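Colleague: I have a structure here, written as C-alpha cells, and I will follow up with some questions on it.
Just so you know, all these numbers are worked out from the coordinates, no wet-lab data involved. Everything quoted here is computed from the prediction, not taken from an experiment. Cβ placement follows ideal geometry from the backbone for every residue including glycine, while neighbour counts extend to all protein chains displayed.
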Amino acid sequence: MPMPPDGRPNLLVLGGTTEARQLAPILADRGLRATMSLAGRVQRPAHQGLPTRVGGFGGVAGLTAYLTQNRVTHVIDATHPFAAQMSHNAVAACAQTGVPLAALTRAPWGAQSGDDWTRVPDIAGAVAALDCPARRVMLAVGRMHLDAFTANPQHRYLLRLVDPPEKPPGFPRHDVIVDRGPFKLDGDTRLLRDHRIDIIVSKNAGGSGARAKIDAARALGLPVIMIDRPVLPARTELHSPEEVLGWLSHADSGIGTDLGV
Ligand SMILES: NC(=O)c1ccc[n+]([C@@H]2O[C@H](COP(=O)([O-])OP(=O)(O)OC[C@H]3O[C@@H](n4cnc5c(N)ncnc54)[C@H](OP(=O)(O)O)[C@@H]3O)[C@@H](O)[C@H]2O)c1
C-alpha cells in the first residue's frame with residue numbers, strides 16, 4: 001500500500017447515505033484527510049462535509065487504479081446495504097491493492113409485534129407478490145427499480161423520490177412526491193392515510209432515516225412487502241463513527257495514533 005509522500009493517511013469514503021454524511025465531519029474534526037465518493041444518482045446531493053468526487057470508478061479495474069493513483073490508504077464503504085455492486089467492487093479492489101477496507105453498516109429492521117410483513121428475497125419477489133387485484137401501493141424501492149413494476153400496471157403507485165423522474169413511470173396510475181429523508185412517523189402516517197395506501201413495498205434498508213413508513217404501517221395495520229438485503233462478501237463491519245475511529249487508530253491500520261476514542 002503506497003503511502004502519500006507526506007506520510008499522512010488518505011481515506012476514501014464510499015458514500016450516498018446518512019451514515020456517510022454523519023461520519024464526514026467526525027473525520028474532518030480529527031484532521032484526517034478523506035474524500036467522499038458519490039455515485040452521482042442525485043441531482044443536488046446534500047453537502048457532504050468532505051472534499052467530494054462524483055461518478056463511478058469504472059468497475060474493479062477503475063477503482064483499483066483510483067486507489068493506486070490517489071495513494072488511498074484506507075477505504076470505508078459506507079454505501080447503502082442495497083448498493084451491492086459497489087461493495088463487491090470495493091472488496092475486490094482493496095484485496096488487489098492491499099488497502100485496508102471496513103464497511104460502516106446498519107442493522108436490518110426486524111419485524112415487531114403488530115407488523116404484517118411478507119418477506120421477499122429481491123425486487124423480482126416484490127413484483128411477484130404484487131400479482132393481485134388492484135391496490136394502492138406505496139412503492140419505496142428507489143428510482144432505479146421502478147420499471148420492474150410495470151408487470152403489475154393494475155395498481156395505483158405512490159412514489160417518493162429525491163428527484164423528479166426523468167421519464168414518466170411505465171405504469172399508468174401513479175402519484176409522485178419529491179422529497180428526501182429523514183422522514184418522521186407523524187408525516188408518514190398522514191401520507192399513508194391521505195393516499196389511502198393499502199400496502200407498502202420497502203427495501204429492508206435499516207437505520208432511522210427511512211424507517212418512519214414501516215412504523216406508520218404498523219400503527220395503521222397495513223401490510224408490508226419487505227425486500228431482504230442482497231448478500232455481501234465478508235469484510236470488516238463497523239456500526240458507528242466511533243468504531244470507524246477505533247479501527248483507524250488500530251496499529252494495523254497504518255495510522256496508529258490515538259484518535260480520541
Ligand atoms: N440502492 C439503494 O437502495 C440506495 C439507497 C440510498 C442510497 N444509495 C446510494 O446510491 C449510490 C448508488 O447505489 P446503487 O444501488 O445504484 O449502487 P450499486 O448498484 O452497488 O453500484 C452500481 C455502480 O455505481 C457506482 N457507484 C455506486 N456507489 C458509488 C459511490 N459511492 N461512489 C462512486 N461510484 C459509485 C459504481 O460504478 P463503477 O462500477 O463505475 O465504479 C457501481 O459499480 C450508492 O452510493 C448508495 O450508497 C443507494
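Colleague: Excluding residues on the same chain fewer than 8 positions from Lys213, give the lysines whose Cα lies under 22 Å from its Cα.
Modeller: Output for Lys213: Lys184, Lys203.
Colleague: With a sphere of radius 9 Å drawn around the Cβ of Val42, what net charge do the other residues whose Cβ falls strictly inside it have (Lys, Arg +1; Asp, Glu -1)?
Modeller: Computed value for this residue: +2.
Colleague: For region 29-83 and region 154-187, compute the distance between their C-alpha centroids and round to whole Å.
Modeller: Spelled out, the Cα-based centre of one part sits 28 Å from the other.
Colleague: Also, I was wondering about something else. Using a cut-off of 14 Å between beta-carbons, work out the net charge of the residues near Ile225 (Lys and Arg +1, Asp and Glu -1, Ile225 not included).
Modeller: Once all neighbours under 14 Å are counted, the net charge is -1.
Colleague: What base-10 log of the normalised intensity I(q)/I(0) is obtained for the chain from the Debye formula, alpha carbons as equal point scatterers, at q = 0.08, 0.10, 0.16 Å⁻¹?
Modeller: Taking Cα atoms of the chain as identical point scatterers yields -0.37, -0.56, -1.18.
Colleague: Checking the a/c ratio against 1.5 first, then a/b against b/c, what shape does the Cα gyration tensor give for region 77-163?
Modeller: Prolate shape, in that a/c is at least 1.5 and a/b is the bigger ratio.
Colleague: Given R₀ = 25 Å, FRET efficiency for Met144-Met3 by Cβ-Cβ distance, to 0.05?
Modeller: Efficiency computed from Cβ-Cβ geometry: 0.10.
Colleague: Short version: ³J(HN,Hα) in whole Hz for each residue of region 59-67, in order, from phi by Karplus 6.51 cos²θ - 1.76 cosθ + 1.60 (θ = phi - 60°), x for Gly and Pro, what are they?
Modeller: x, 4, 4, x, 5, 4, 5, 4, 4
Colleague: So the label point goes 7 Å from the Cα of Val54 along Cα→C-beta, right? Which residues of region 145-180 then have their backbone N under 20 Å from it?
Modeller: Hits in region 145-180 for Val54 at 20 Å: 161-167, 178-180.
Colleague: Right, here's the next one. Using a 10 Å cut-off around each Cβ, can you sort His88, His145, His47 from fewest to most neighbouring Cβ atoms?
Modeller: So the ranking, lowest neighbour count to highest, is His47, His88, His145.
Colleague: Asn70 to Asp163: FRET efficiency via 1/(1 + (r/R0)^6), r the Cβ-Cβ distance, R0 25 Å, to the nearest 0.05?
Modeller: After rounding to 0.05, the efficiency reads 0.30.
Colleague: Which residues in region 212-254 place their backbone N less than 20 Å from a point set 7 Å from the Cα of His195 along the Cα-to-Cβ direction?
Modeller: Flagged as within label range: 212-228.
Colleague: Please report the relative contact order for the chain, taking Cα pairs under 8 Å with a sequence separation of at least 6, and give it as a percent rounded to a whole number.
Modeller: Once divided by the residue count of the chain, the mean separation gives 20 percent.
Colleague: Of all DSSP beta bridges in the chain, what percent run antiparallel (nearest 5)?
Modeller: Counting DSSP beta bridges with both partners in the chain, the antiparallel share is about 0 percent.
Colleague: Applying the Karplus parametrisation 6.51 cos²θ - 1.76 cosθ + 1.60 with θ = phi - 60° to the phi angles of region 5-19, what ³J(HN,Hα) value in whole Hz is obtained for each residue in order, glycine and proline being reported as x?
Modeller: After applying 6.51 cos²θ - 1.76 cosθ + 1.60, I find x, 7, x, 8, x, 9, 8, 10, 9, 8, x, x, 9, 4, 4 Hz.
Colleague: Excluding Ala216 itself, calculate the net charge of residues whose Cβ lies under 10 Å from the Cβ of Ala216, where each Lys or Arg counts +1 and each Asp or Glu counts -1.
Modeller: +3
Colleague: Here's another thing I want to ask about it. Sticking to Cα atoms, compute the Rg of region 118-185 to one decimal and its Dmax as the biggest Cα-Cα distance, whole number, in Å.
Modeller: For region 118-185, the Cα radius of gyration and maximum Cα-Cα distance read 12.0, 32 Å.
Colleague: Out of residues 5 or more away from His174 or on other chains, whose amide H comes under 5 Å of its own, with H placed 1.01 Å from N in the peptide plane?
Modeller: Tyr157
Colleague: Calculate, in nm to one decimal, what Ala219 and Glu237 gain on full extension: separation in residues at 0.36 nm each, minus their alpha carbon distance.
Modeller: Contour length minus Cα-Cα distance gives 3.2 nm.
Colleague: Next up: Which residue fluctuates most in the GNM of the chain (Cα springs below 10 Å): Asp131, Asp186, Asp29?
Modeller: Most flexible of the set in this elastic network: Asp29.
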